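Visitor: Structure in C-alpha cells, see below.
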Amino acid sequence: MPPPARRDLEPGLLNSLDPLLRGWLPRQRWFAGKGLPIGRLRLAQATELVPPGGRLGPLGLLHVLIDVEQPGRPADCYQLLLGAHPLLPSSLVRAALGPAVGGPYDGLTLYDAPHDPQLTAVLLDRLRLPGRTGRLRFTAEPTAAFPPGLTPRLSTAEQSNTSVVYGDAYILKLFRRVSPGTNPDLELSLALARAGSRRVAEPVAWFEAVDEPSQGSAPAGEPVTLGVLQRFLPGSSDGWTLATASVAGDGDFRADAAALGRATAEVHAALAEALPAHRLDGAALERIASGMARRLEETAAEVPSIRPYAAALRSAYDDLAKLGASGGAGGAAGGVTAQRVHGDLHLGQALRGPDGVWVLIDFEGEPARPLAERRRPAPPVQDVAGMLRSFDYAAHHGGNGPWAARHRDAYLAGYAEVSGVDPREQPVLIRAFETDKAVYEARYEARHRPDWLPIPLSALARLAGGTA
Ligand SMILES: Nc1ncnc2c1ncn2[C@@H]1O[C@H](COP(=O)(O)OP(=O)(O)O)[C@@H](O)[C@H]1O
Ligand SMILES: O=P(O)(O)O[C@H]1O[C@H](CO)[C@@H](O[C@H]2O[C@H](CO)[C@@H](O)[C@H](O)[C@H]2O)[C@H](O)[C@H]1O
C-alpha cells in the first residue's frame, strides 16, 4: 500500500479515526469525559513526526491533537501518537484502536504508538534535536547528554498521562489532555532544576505545539506543552507504597515522614525564590475562602453523601475569610503568602531513592482544575494539607487509623524545622485547606473509585466536627 500523501492525510485520517476513537477514548484512564456521550470530533493538528514508509511502517509516527466535544463540558483536546500496520505484530495487538485486522485507514490498523518501542525510540531521537517539525517545537536543555542505546518501555504505573521509560536514564511523560499554556509540571520542575534543587527529576528535553511561524503582526498563541523528558530515578520507591507497607505492619515511618516534611519545605523555599511570591491581603483570603465554598456546593450537588456535613464544613471557610477580614494571618508567620506550589501533593508524588533522599514529581496540579488556576500562586499550606490527607488515606486504606496521627505530626515537625513556619500553629489555614482537599477527593473518588469514597468521607466527618 503506498503511503498516504500529506495533502490527503487529514480528511482520510479523521474519517478513519472517528468511529475508532468513540470506542477507544472512553476506555482510557486519562479520558476526562467518561460516562458522557461523545459529540463532534475535530482534528486540530496532525504532524508526520517520521515520514511514512520505510522500516517504521506505512504511516511512520503520526502526532495528532484532537478536539472532543461532549455535552456539559468545554471541548477537551487530547494528544495521540499513532502508528499503523497492515498486520499488527502480536505484541501490539492490545494497542490497536479498534479491531486488529483489516483496519479502516487505507487497510491499515491504527494503534497507540507509546506501546511500540520502535516508534518511541524514534521519538527520543527527535527530542535530542532542538527545532521544529511543522507546528511541533522540540527543546533540549543545553546541558543534556543523551547516551545512545536506551531501550524504551511503556510505564505500567497507574497514572493520569502516559509515560515511556528509556533504559534507566529518562522518563518521557506524554500529557494526554492538553491546553494552551506551559504545563506547570515542566515549568516548576525546570525552575527547581535550574535553581540546583536536588528534590526534582530534572527535565532534559520537552516538546510543545506552537503556532505556525508568524505571517505578520498576528500575536502568537500560548504554546501547548505535550511531553517532558526527565531524569529517571532508578531503584526508587513511591511514598504511597512505603507508607501502606508501614500501615500494614503497624510500623514506624516517622523518620521518613519527617524527611518528607523537610523535602516539602525545601521545595517551597526554592519555588518562592525562583518564581513570583507575594503576601495575600484580606480580600485575597476571602476570595480563596469563597472559591472553596463554591467547590463544596458543586461537590455536594454531585456527591449526596457529603451533604450532611456541608453546613459544618462551611464554617472552616468562614473562619478563613474572617482571618482575611481581620487583616490577621495564620499565626506565627504574621501573614499568609502565596507562591507557586506543587498543587496536588500526596504520597504517590514523592519518590524515595536508594540513598533515602525524597524527590517530588508530577508538579501538574490537580488535573481537573483549569490550567490558569493551577498556575496561580497559592498558600504553601495547600501542599502541606494535601500530604496530611495522604497520611490519612494510607492509614484508613489499611484499616489502621491511629497510624495517621503519629505520621502527620512527624511530617509537620519536619516541615516546620526547615521552613521556620509551623503549620500546627495555623489551625484555621490547615483546617480550611484540608477540608478543601477532602472535598476534592470526595468528587475524585465518586467519579473514579467509588469504593474509596468512605476515606474522604470519614475525614469530612472529622473536619465537620471542628478538629483539624
Ligand atoms: N523521574 C521518575 N523516576 C522514576 N519513576 C518515575 C519518575 N517520574 C514518574 N515516575 C513513575 O511514574 C508514575 C507516574 O508519574 P506521574 O508524574 O505521577 O504521572 P501522571 O501525571 O501521569 O499521573 C509515578 O508514580 C512513578 O512511579
Ligand atoms: O496522581 P494524580 O496526579 O493522578 O492524582 C489524582 O489521583 C490520585 C490517586 O491516584 C488522588 O490521590 C488520592 O488518593 C491517593 C491514594 O491513591 C492518596 O494518597 C491521596 O492523598 C488522595 O488525594 C489525587 O487526589 C488525584 O488528583
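The values are calculated or read from the model by the stated rules, or taken from the named source; none is laboratory data. Because the structure is a prediction, the values reported are computed rather than measured. Cβ sites come from the backbone with ideal geometry, for glycine too, and all protein chains shown count toward neighbours.
Visitor: Considering segment 374-393 alone, what residues qualify as being of a type in the set (Gly, Ala, Ser) and away from ligand 1 (no atom under 15 Å from the Cβ)?
Guide: Ala378, Ala385, listed by residue number.
Visitor: Restricting attention to segment 268-286, which residues are among the small types (Gly, Ala, Ser) and touching a Pro at 6+ places or on another chain (Cβ under 7 Å)?
Guide: Across segment 268-286, the qualifying residue is only Ala277.
Visitor: Say we look at segment 32-48 and pick out the residues that are part of a loop (DSSP other than H, G, I, E, B) and surrounded by 17 or more Cβ atoms within 10 Å (Cβ to Cβ); which of these is nearest to the chain's Cα centre (by Cα)?
Guide: Taking the candidates together, the pick is Ala32.
Visitor: For the list (1) touching a Ser or Thr at 6+ places or on another chain (Cβ under 9 Å); (2) of a type outside the set (Asp, Glu); (3) within 16 Å of ligand 1 (Cβ to nearest atom); (4) at pLDDT below 95, I need the number of the one condition that Leu81 fails.
Guide: (4)
Visitor: Next up: Examine segment 411-431 for a residue that is basic (Lys, Arg) and within 16 Å of ligand 2 (Cβ to nearest atom), and state whether such a residue exists.
Guide: The answer is no; no qualifying residue exists.
Visitor: Which residue pairs have Cβ atoms closer than 8 Å, lie 6 or more positions apart in sequence or on different chains, and pair a first residue in segment 23-52 that is within 16 Å of ligand 1 (Cβ to nearest atom) with a second residue that is of a type in the set (A, V, I, L, M) and outside any loop (DSSP other than H, G, I, E, B)?
Guide: Phe31/Leu25
Visitor: On to the next question. When Tyr415 is evaluated against the numbered criteria (1) crowded, with 24+ Cβ neighbours inside 10 Å; (2) modelled with pLDDT under 95, which criterion, by number, is the only one it fails?
Guide: (2)
Visitor: Is it true that Glu202 is surrounded by 16 or more Cβ atoms within 10 Å (Cβ to Cβ) and more than 16 Å from ligand 2 (Cβ to nearest atom)?
Guide: Criteria met by Glu202.
Visitor: Cβ-Cβ distance below 8 Å, separation of 6 or more or different chains: which pairs start in segment 150-161 with a residue that is assigned by TED's automatic domain parsing to the domain that holds Arg126 and end on one that is within 16 Å of ligand 2 (Cβ to nearest atom) and not in a loop (DSSP other than H, G, I, E, B)?
Guide: Here the result reads Leu154/Thr162; Leu154/Ser163; Ser155/Thr162; Ser155/Ser163; Ser155/Ile171; Ala157/Ser163; Asn161/Lys173; Asn161/Leu174, each pair linking segment 150-161 to a residue that is within 16 Å of ligand 2 (Cβ to nearest atom) and not in a loop (DSSP other than H, G, I, E, B).
Visitor: Can you report the number of residues in segment 118-169 which are surrounded by 15 or more Cβ atoms within 10 Å (Cβ to Cβ) and within 16 Å of ligand 2 (Cβ to nearest atom)?
Guide: Summing the residues that are surrounded by 15 or more Cβ atoms within 10 Å (Cβ to Cβ) and within 16 Å of ligand 2 (Cβ to nearest atom) in segment 118-169 gives 5.
Visitor: Find all pairs meeting these conditions: Cβ atoms under 7 angstrom apart; at least six residues apart or on different chains; first residue within segment 347-361 and over 13 Å from Val267 (Cα atoms) and small (Gly, Ala, Ser); second residue in a strand (DSSP E or B) and away from ligand 2 (no atom under 12 Å from the Cβ).
Guide: Listed by first residue and then by second, the contacts come to Gly353/Val359.
Visitor: Counting only residues that are within 18 Å of Arg29 (Cα to Cα) and assigned to a helix (DSSP H, G or I), how many does segment 443-465 have?
Guide: 9
Visitor: Would you point out the residue of segment 221-265, among those that are more than 30 Å from Arg176 (Cα to Cα) and of a type in the set (D, E, K, R), that is surrounded by the fewest Cβ atoms within 10 Å (Cβ to Cβ)?
Guide: The extreme case among them is Asp250.
Visitor: Please determine whether any residue of segment 146-155 is on the phi > 0 side of the Ramachandran plot, part of a loop (DSSP other than H, G, I, E, B) and not β-branched (Val, Ile, Thr).
Guide: Looking through segment 146-155, at least one residue is on the phi > 0 side of the Ramachandran plot, part of a loop (DSSP other than H, G, I, E, B) and not β-branched (Val, Ile, Thr).
Visitor: Moving on to the next point. Give the residue, chosen from Pro51, Pro11, Pro71, Pro26, that is exposed (fewer than 13 other Cβ atoms within 10 Å of the Cβ), away from ligand 2 (no atom under 16 Å from the Cβ) and at pLDDT 90 or above.
Guide: Being exposed (fewer than 13 other Cβ atoms within 10 Å of the Cβ), away from ligand 2 (no atom under 16 Å from the Cβ) and at pLDDT 90 or above holds for just one of Pro51, Pro11, Pro71, Pro26, which is Pro71.
Visitor: Looking at segment 359-373, is at least one residue touching a Leu at 6+ places or on another chain (Cβ under 8 Å), in the same structural domain as Ala316 (by TED's automatic domain parsing) and away from ligand 1 (no atom under 12 Å from the Cβ)?
Guide: Checking segment 359-373: not a single residue is touching a Leu at 6+ places or on another chain (Cβ under 8 Å), in the same structural domain as Ala316 (by TED's automatic domain parsing) and away from ligand 1 (no atom under 12 Å from the Cβ).
Visitor: Name, by its number, the condition in (1) within 15 Å of ligand 1 (Cβ to nearest atom); (2) crowded, with 16+ Cβ neighbours inside 10 Å; (3) in a strand (DSSP E or B); (4) not acidic (Asp, Glu) that does not hold for Leu190.
Guide: (3)
Visitor: Among the residues of segment 433-450, what is the count of those that are within 13 Å of Val384 (Cα to Cα) and within 8 Å of ligand 2 (Cβ to nearest atom)?
Guide: Residues in segment 433-450 being within 13 Å of Val384 (Cα to Cα) and within 8 Å of ligand 2 (Cβ to nearest atom): 1 in total.
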